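Written out below as structure tokens is the structure these notes cover.
The values are calculated or read from the model by the stated rules, or taken from the named source; none is laboratory data. Predicted model only: the values in this text are computed from it and were never measured. A quick note on method: Cβ atoms are made from the backbone with ideal geometry, for glycine too, and the neighbour counts reach across all protein chains shown.
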Amino acid sequence: MIEFSVNTRGVKVDQWCDPPTVYLDHWAWRRISESSVLVKRFSAALKSQGGTLVFSWLNLIEFSKVSDEQQARKADAFLDEILPHVFILNPNFFRVIEAEDELLNGGVPIAPHADLVSLKFFAKHNLTRHNSLKLLPSQNLFGLTSTGEISAHFDGFADQIVGHIESLRHDFNASHEFSLAVKRIPKGQPTQCGTRYIARELLGSMLMNKSVKADRHHAIDICHAVVPVAYCDYVLLDGHWATQVERARKRIKDGGLLFPIAKVYSEKRDGLESFFRKLEGGMNGSVPSVE
């Protein structure tokens with residue numbers, strides 16, 4: 001939930017997650033936003049439970065890559081339908097893991113997965129608009145991402161992740177000890193959130209597949225997966241990454257680790273409809289649990 005309030009120091013914007021929390025990668029956001037029926041269905045199910053649509057700036061930027069401007073307009077209309085039941089997440093799992101470590105070491109109690117930079121941008125975007133605090137008018141956030149500067153930032157972020165992956169792959173190929181550690185079933189102490197373990201498993205699946213050369217597409221896909229899977233109840237991903245999450249879930253369970261992992265759906269095997277039925281099942285009075 002995003003909330004604006006006024007205090008003696010000015011306007012304050014805050015955000016938090018209420019379950020059930022849902023994250024959609026590009027294909028899922030596009031499929032739902034292009035159907036007024038699915039938009040209304042999603043909104044009704046989520047709002048009836050006081051749930052949260054979690055998104056990141058990756059969602060926004062990916063729509064800047066499409067040639068059909070109507071897709072961006074429909075994506076904005078979908079967001080407008082859900083507001084203020086949203087939360088802006090940081091997709092950079094390296095930064096999120098650092099924030100988790102800082103919190104464990106007594107740092108400022110801020111949600112490690114919150115993207116405060118994007119939240120500030122969202123606040124400024126609304127504060128400069130007439131009656132925005134009362135009405136949360138049409139956002140046009142997806143339309144704002146069409147500039148070359150933002151796209152360059154997107155590519156730079158993807159290249160940074162690719163660089164991390166290639167560095168790990170070099171170590172994986174050069175060090176027998178490191179390669180054995182990657183292949184080993186994950187072990188560790190019980191933890192509230194398993195971001196580092198989920199990242200380890202998903203990155204490991206790439207390192208062990210020698211036929212895959214990391215590129216921007218892979219980098220963005222893994223960023224759509226790690227933090228959302230660690231912090232959300234439901235996540236919709238493409239088929240490959242949904243399979244990798246299920247592989248990671250099994251290995252993490254075999255290692256005896258206990259922490260929430262999102263229920264993941266893809267387009268395969270009528271996954272979108274299965275997701276809707278699961279989400280709507282919570283409308284009968286029970287909030288869906290993380291599986």
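Quick rundown of the values:
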| quantity | calculated |
| --- | --- |
| Filter result (of a type in the set (S, T, N, Q) and assigned to a strand (DSSP E or B)) within segment 29-75 | THR52 |
| Lone unmet requirement of (1) buried (at least 17 other Cβ atoms within 10 Å of the Cβ); (2) in contact (Cβ under 8 Å) with a residue 40 or more places away in the chain for LEU53 | (2) |
| Extreme residue, nearest to GLU98 (Cα to Cα), among residues of segment 178-193 that are surrounded by 14 or more Cβ atoms within 10 Å (Cβ to Cβ) and of a type in the set (S, T, N, Q) | THR191 |
| Single match in PHE87, PHE94, PHE78 (criterion: in a strand (DSSP E or B), at negative phi and modelled with pLDDT of 90 or more) | PHE87 |
| For TYR23: the one exception among (1) within 20 Å of the chain's Cα centre (by Cα); (2) not in a strand (DSSP E or B) | (2) |
| Qualifying positions in segment 47-65 - out of contact with any helix residue (DSSP H, G or I) (no Cβ under 7 Å at 6 or more places or on another chain) and not hydroxyl-bearing (Ser, Thr, Tyr) | LYS47, GLY50, GLY51, PHE55, LYS65 |
| Residue in segment 1-14 that is exposed (fewer than 15 other Cβ atoms within 10 Å of the Cβ), modelled with pLDDT under 95, among the hydrophobic types (A, V, I, L, M, F, W, C) and on the phi < 0 side of the Ramachandran plot present | yes |
| In segment 102-115, residue surrounded by the fewest Cβ atoms within 10 Å (Cβ to Cβ) [restricted to those that are in a helix (DSSP H, G or I) and in contact with a Pro (Cβ under 9 Å, 6 or more places away or on another chain)] | GLU102 |
| Which numbered condition SER33 misses (of (1) at pLDDT below 95; (2) crowded, with 16+ Cβ neighbours inside 10 Å) | (1) |
| In segment 225-247, the residues that are surrounded by fewer than 21 Cβ atoms within 10 Å (Cβ to Cβ) and outside any helix (DSSP H, G or I) | ASP238 |
| Only one of ILE252, ILE198, ILE222, ILE261 that is surrounded by 14 or more Cβ atoms within 10 Å (Cβ to Cβ), in a loop (DSSP other than H, G, I, E, B) and at pLDDT 95 or above | ILE261 |
| Selection within segment 7-31 - in contact (Cβ under 8 Å) with a residue 60 or more places away in the chain and β-branched (Val, Ile, Thr) | VAL11, VAL13, THR21, VAL22 |
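Conditions (1) in contact with a His (Cβ under 8 Å, 6 or more places away or on another chain); (2) at pLDDT 90 or above, marked per residue:
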site	(1), (2)
LEU141	yes, no
GLY148	no, no
HIS153	no, no
PHE157	no, no
VAL162	yes, yes
ARG169	no, yes
ALA174	no, yes
GLU177	no, yes
ARG184	no, yes
